[in-house]
Every structure is written in C-alpha cells, then in structure tokens.
Amino acid sequence: MTYLSSPVTVLAPATVANVVCAFDVLGFALAEPNDVMHLRLTEQPGVTIINEDDFGLPTEPGRNVAGAALLAMLRAVPEAPGVEVRIRKTIRPGSGIGSSAASAAGAVVGLNHLLHNQFTKVELVDFAMAGEEVASGVRHADNLAPGIYGGVTLIRATVPAPDIVPLDAPPLFVTVVHPQIEVKTSDARQILKRQVALGDAVRQWANVGALVAGLLQHDYALIGRSLEDVIVEPVRSILIPGFREVKEGSRAAGALGGGISGSGPSLFMLSQDEATARAVQAVMQDTYHRLGLDYHTYLTTINPTGCQVLTDEPLTT
Ligand code: HSE
C-alpha cells in the first residue's frame, strides 16, 4: 500500500479528566491549550522523536509517550513504514490537563492520517494507552478519549478493549488555573485509598449518573449539584495549595462547580456564561497572587472535535 508522503500537522488539545466525581471514567477536551506535532513517514523503519520545546522529555521511542503510542500502532501495520514526529508542547508535563495524553493522542491521530485513516477512533485510544502507561504506569483513557473524539466522553471500560461513550453536552465555559507546581499522576494515584466505604461509593456513583444525565439533558443546575467527589478529592486536594479558596470563591462567583483537573495540580471550574467564567478567573488569580505562587490561567470552552489534523500548514514553524 502507498501511504501519504506529505507531512501533517496535528493540534492536540489539553483535556480535563475525572470531571470531579468520575475518576478514570469521564473527561472532556479543551479548546485551549494545544500541543503542535508534525509527523511524516520515513523510509527508515521505527520511530524518531524530535522535541522542539524545553521540557527535556526523552527521545528514546519506548520511553517517550508519543513514541510508545506510535510503536504500538506500527506493530498493527503490515510492512510498516517509519515515522518521524516533531513535538512542540505547550501543555506542561505534570500540569493535570492531559499533557501526556495530548502527546499520545496527537501522535496516533497524525500517523493514522498518514496511513489513510485505516484505524477507528477506538483503536487509536487503544494504541495511545501504551503512551499513558509510559507516563503513569496505568492504561487509563479519560484524557485520551476526549482528546481523540472531542467533547465529553465516558470510558465504560478499558479492558479487554476500550468502550468509549461520547456524550452530548450543553455549551460550557471552562476556567482552568495551573499553579506552577508539579504533581506526578503516578504519585497522585499512589496516595489514593484502595478501599472505599459503601456509603461513599453509593454517593459517588449517584453523582456520576446524575452528571451524565445533567449533561445529556442540558440541565445546568443538575450538572452543578453533581460536581461532588467524596472519594478522590479529599485525598488529593491536600497536595494543592489554594484548593479550598478557589473552589469556594468560584462557587460564590457563580460557577456551576469544579475541582481538580485530572490528578492535579490544575483546577477547573465550569460556568454557564463567559462573564461568570471571567469572574472565576479573577478568583483564581487573586488566590494564587495572595499565596505568592506562580500560576497560569486559561479561559476556554469544550473542544468538540479533539485532535485537529492540518495538512496545508508548512512543516517549519
Ligand atoms: N484519571 C486519571 C487520574 C487522570 O486521576 O489519575 C490523570 O490525568
């Protein structure tokens, strides 16, 4: 089979996993920020990684998130060509907005395009989970699936194969603050309790069900009521300075609710309108200014399409 010889550029979006109550199960894609990845096929087999940022990530394919995802995908292609990927990350590793997932998702979406889109989205999630395994030791898909499908996705299962349920959602504004500390997903998973009290489990799955219903019914009040986590947040929030102030201040400013983005340290809040999302951003800025901690905020929306493939952009930027 002949494959595309011209390079592609992929915009790979940041994502918010867990969505407060749905640990490892729900996630959504953000319109901003995005990593930029350039991919091209090579005659030399294997994967070549070129980093175009200052994060110092490994370039050895088996130890690189994008590389591991690409290797998994190439293993499924008969007479596979090689692939070179140049990566410019703007999503800081360890930020909690799906940095590793953006690398893995962007890589497999880009290579799939070069291979004439022979794989389905669910297959791409499966390949990309090899990248998440390199990053955190766990094949979780709650950042990858929204990164690949766009919008909000529910991950019903990851084994024996990913079972992804894309969900409709009403228009939502998302305010994110990234306090400039690093929380490794592997560490943030390690500290979680292995056992859950039945009463907490009941409350949690009631919230997950109600959140899904709120999204599908475009019921903003129900979405807000369901953004409650009695299992993971009480443990992880201890790692995040300013957590309580941001959460309470944002609710007082009119946010529907929110909490830790993925494994943190970023926090996200959902709002029904842009003015509220701006007021929430001010709460976040005031909090970290007062704490004397560097931070970065994003005021954005849900990205409905996930990774975007640009074929006509010049290779060099
Ligand atoms: N569901 C994962 C976790 C997301 O919370 O550990 C990591 O971004």
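The values are calculated or read from the model by the stated rules, or taken from the named source; none is laboratory data. It should be emphasised that the depicted structure is a prediction, and the values quoted were computed from it without experimental measurement. Positions of Cβ are backbone-derived with ideal geometry, glycine not excepted, and every protein chain shown enters the neighbour counts. What goes into the accessible areas is simple: the full protein's heavy atoms, side chains included, and nothing from ligands, DNA or RNA. Shrake-Rupley method; radii C 1.70, N 1.55, O 1.52, S 1.80 Å.
Suppose we filter A161, A157 for residues that are open to solvent by 10 Å² or more (accessible area, probe 1.4 Å) and without any contact (Cβ under 8 Å) to a residue 24 or more places away in the chain; which single one remains? Before the answer, list the steps.
Numbers: A161 fails: without any contact (Cβ under 8 Å) to a residue 24 or more places away in the chain.
Of the residues listed, the single one that is open to solvent by 10 Å² or more (accessible area, probe 1.4 Å) and without any contact (Cβ under 8 Å) to a residue 24 or more places away in the chain is A157.
Report yes if G257 is more than 16 Å from the ligand (Cβ to nearest atom) and at positive phi, otherwise no.
Working: more than 16 Å from the ligand (Cβ to nearest atom): yes; at positive phi: yes.
Judged against the criteria, G257 is a match.
Can you name the number of the only condition in (1) assigned by TED's automatic domain parsing to the domain that holds G258; (2) open to solvent by less than 50 Å² (accessible area, probe 1.4 Å); (3) without any contact (Cβ under 8 Å) to a residue 40 or more places away in the chain that L192 fails?
(3)
How many residues are more than 13 Å from the ligand (Cβ to nearest atom) and within 24 Å of Y298 (Cα to Cα) if we restrict to the range 142-165? Lay out the reasoning, then the answer.
Our first condition is that a residue be more than 13 Å from the ligand (Cβ to nearest atom); within the range 142-165, this holds for 148-152, 156-157, 159-165.
Narrowing further to those that are within 24 Å of Y298 (Cα to Cα): 148-152.
Selection size over the range 142-165: 5.
Do we find a residue being within 13 Å of F173 (Cβ to Cβ) and either within 16 Å of the ligand (Cβ to nearest atom) or not in a helix (DSSP H, G or I) (or both) anywhere in the range 247-254?
yes
State the number of residues belonging to the range 136-169 that are touching a helix residue (DSSP H, G or I) at 6+ places or on another chain (Cβ under 7 Å) and of a type outside the set (V, I, T).
Number of matching residues: 17.
With away from the ligand (no atom under 16 Å from the Cβ) and open to solvent by 10 Å² or more (accessible area, probe 1.4 Å) as the only criterion, which of L39, L11, L70 stands out?
Details: L39 fails: open to solvent by 10 Å² or more (accessible area, probe 1.4 Å); L70 fails: open to solvent by 10 Å² or more (accessible area, probe 1.4 Å).
It is L11.
Quick check on this structure: which one of P179, P170 is more than 15 Å from the ligand (Cβ to nearest atom), surrounded by fewer than 24 Cβ atoms within 10 Å (Cβ to Cβ) and not aliphatic (A, V, I, L, M)? Before you say what the answer is, go through the steps one by one.
On the way: P179 fails: surrounded by fewer than 24 Cβ atoms within 10 Å (Cβ to Cβ).
Answer to the selection: P170.
For the range 96-140, what are the residues that are assigned to a loop (DSSP other than H, G, I, E, B) and away from the ligand (no atom under 14 Å from the Cβ)?
Residues of the range 96-140 that are assigned to a loop (DSSP other than H, G, I, E, B), as a first pass: 96-98, 115-120, 137-140.
Scanning the range 96-140 gives L115, H116, N117, Q118, F119, T120.
Kindly provide the set of residues from the range 264-285 that are part of a helix (DSSP H, G or I) and open to solvent by 10 Å² or more (accessible area, probe 1.4 Å), ordered by number.
Kept after step one, since they are part of a helix (DSSP H, G or I), are these residues of the range 264-285: 274-285.
E274, A275, T276, R278, A279, Q281, A282, V283, Q285, listed by residue number.
Please determine, by comparing only the residues of the range 222-241 that are open to solvent by 60 Å² or more (accessible area, probe 1.4 Å) and in contact with a Gly (Cβ under 9 Å, 6 or more places away or on another chain), which one is nearest to L267 (Cα to Cα). Break it down stepwise before answering.
Going residue by residue through the range 222-241, those that are open to solvent by 60 Å² or more (accessible area, probe 1.4 Å) are 225, 234, 238-239.
Among the residues that remain, those that are also in contact with a Gly (Cβ under 9 Å, 6 or more places away or on another chain) are: 225, 239.
On the way: R225: 18, L239: 12 Å.
Here the answer is L239.
Considering the range 167-177 alone, what residues qualify as being farther than 25 Å from S100 by Cβ and either touching a Gly at 6+ places or on another chain (Cβ under 8 Å) or not in a strand (DSSP E or B) (or both)?
Result: D168, P170, P171.
Name the pairs: first residue in the range 138-149 and open to solvent by 10 Å² or more (accessible area, probe 1.4 Å), second residue within 7 Å of the ligand (Cβ to nearest atom) and of a type in the set (D, E), Cβ to Cβ under 7 Å, at least 6 apart or on different chains?
H140/D24
Counting only residues that are β-branched (V, I, T) and in a loop (DSSP other than H, G, I, E, B), which one in the range 178-212 is nearest to the chain's Cα centre (by Cα)? Talk me through it step by step, then tell me what you get.
Let us first name the residues in the range 178-212 that are β-branched (V, I, T), namely 181, 183, 185, 191, 196, 202, 208, 212.
Now restrict to residues that are in a loop (DSSP other than H, G, I, E, B): 181, 183, 191, 196.
Details: I181: 18, V183: 15, I191: 21, V196: 25 Å.
Filtering the range 178-212 for residues that are β-branched (V, I, T) and in a loop (DSSP other than H, G, I, E, B), the one nearest to the chain's Cα centre (by Cα) comes out as V183.
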